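Right, one structure below, let's go through it.
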Amino acid sequence: MAEIPSALLATLNEGALAPFLGAGVSMLPPTSLPSATALAEDLVAKGYGDAGDDFEEVAEKCWARGGWQMFVRALGAERWRARAPNVCHEVLAELCAEGLVRIVLTTNWDTAMESALNRRGVPFARIARPEDLNVANDLAVQVMKLH
């Protein structure tokens, strides 16, 4: 097993580590969400974009045609937003429960991280808009949705 660098351990022990979660973390089972590429291909097949569009291009076309509401309908968000957290979410939630992580940065639309925190009874504030910063509690873990 590889040794964890001492600087990383010190940062973690100081509560100064801010993990960044991208789409890959939610691809593991049981969360099992598609990659951005697979999602873009699915949306293009359903007529929400053009052949060769990446996820960002499909999203922009949806927003141009019908705002965020069309984008949510296109995604079928009800099918994937509340997927079960996987081992990555659970380990990170445990680090939060122990007070070692106070901020989680994520570009993910799913709520698996929030579910993992709820399972452990860890108070958190979801920060998805600038005005959410006004209600963020200093005692809570901050889950910053960067999308």
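The values are calculated or read from the model by the stated rules, or taken from the named source; none is laboratory data. Predicted model only: the values in this text are computed from it and were never measured. Cβ: placed from backbone, ideal geometry, glycine included. Neighbour counts: every protein chain shown. Accessible surface is based on the protein model in full, side chains and every heavy atom, while ligands, DNA and RNA are left aside. Shrake-Rupley method; radii C 1.70, N 1.55, O 1.52, S 1.80 Å.
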### Query
What ³J(HN,Hα) values, in whole Hz, does the Karplus curve 6.51 cos²θ - 1.76 cosθ + 1.60 give for region 82-88 when θ = phi - 60°, with x put for Gly and Pro?
10, 5, 5, x, 9, 4, 5
### Query
Using the Cα gyration tensor of region 1-58, with a ≥ b ≥ c the square roots of its eigenvalues, what is the shape: rounded (a/c below 1.5), prolate (a/b larger than b/c) or oblate (neither)?
prolate
### Distant-in-sequence amide H partners of VAL101 (H built 1.01 Å from N, under 5 Å)
CYS96
## Note on the structure
With all protein chains present and a 1.4 Å probe, the order of ILE127, ILE4, ILE103 from largest accessible area down is ILE4, ILE103, ILE127
### Distant-in-sequence amide H partners of ASN108 (H built 1.01 Å from N, under 5 Å)
LEU146
### Summary
Candidate cut points under GluC sites (Glu not before Pro) in region 41-147, DSSP loop plus at most 14 other Cβ atoms within 10 Å of their own Cβ, are GLU98
### Query
What is the extension gain from LEU28 to ASN118, computed as 0.36 nm multiplied by their sequence separation minus the C-alpha to C-alpha distance, in nm to one decimal?
30.5 nm
#### Entry: Answer label for Cα extents along the principal axes in Å (calculated), chosen among (i) 43, 37, 30; (ii) 48, 41, 26; (iii) 56, 32, 25
(ii)
### Summary
ARG81 neighbourhood, Cβ < 14 Å, K/R = +1, D/E = -1, net charge +2
### Using θ = phi - 60° and Karplus 6.51 cos²θ - 1.76 cosθ + 1.60, couplings along region 89-106 (whole Hz; Gly, Pro as x)
4, 5, 5, 5, 4, 5, 4, 5, 4, 7, x, 8, 10, 10, 9, 10, 9, 8
### Summary
Output for region 77-117: trypsin sites (Lys or Arg not before Pro) sitting in coil per DSSP, at most 11 other Cβ within 10 Å, listed by number, reads none
### Query
If r is the Cβ-Cβ distance from HIS147 to LEU100 and R0 is 22 Å, what FRET efficiency results, to the nearest 0.05?
0.30
### Task
Could you give the size of the charge dipole of region 28-147 about its Cα centre, using +1 on the Cβ of each K and R and -1 on the Cβ of each D and E, expressed in debye and rounded to the nearest 20?
400 debye
### Message
In whole Hz and in residue order, list the ³J(HN,Hα) couplings for region 108-122 that follow from phi through the Karplus curve 6.51 cos²θ - 1.76 cosθ + 1.60, θ = phi - 60°; x for Gly and Pro.
### Response
7, 8, 6, 10, 4, 5, 4, 4, 5, 5, 4, 4, 9, x, 8
### Message
If Rh is defined by the Kirkwood formula over all Cα pairs and Rg also comes from Cα, what ratio Rg/Rh do you get for region 102-147?
### Response
0.93
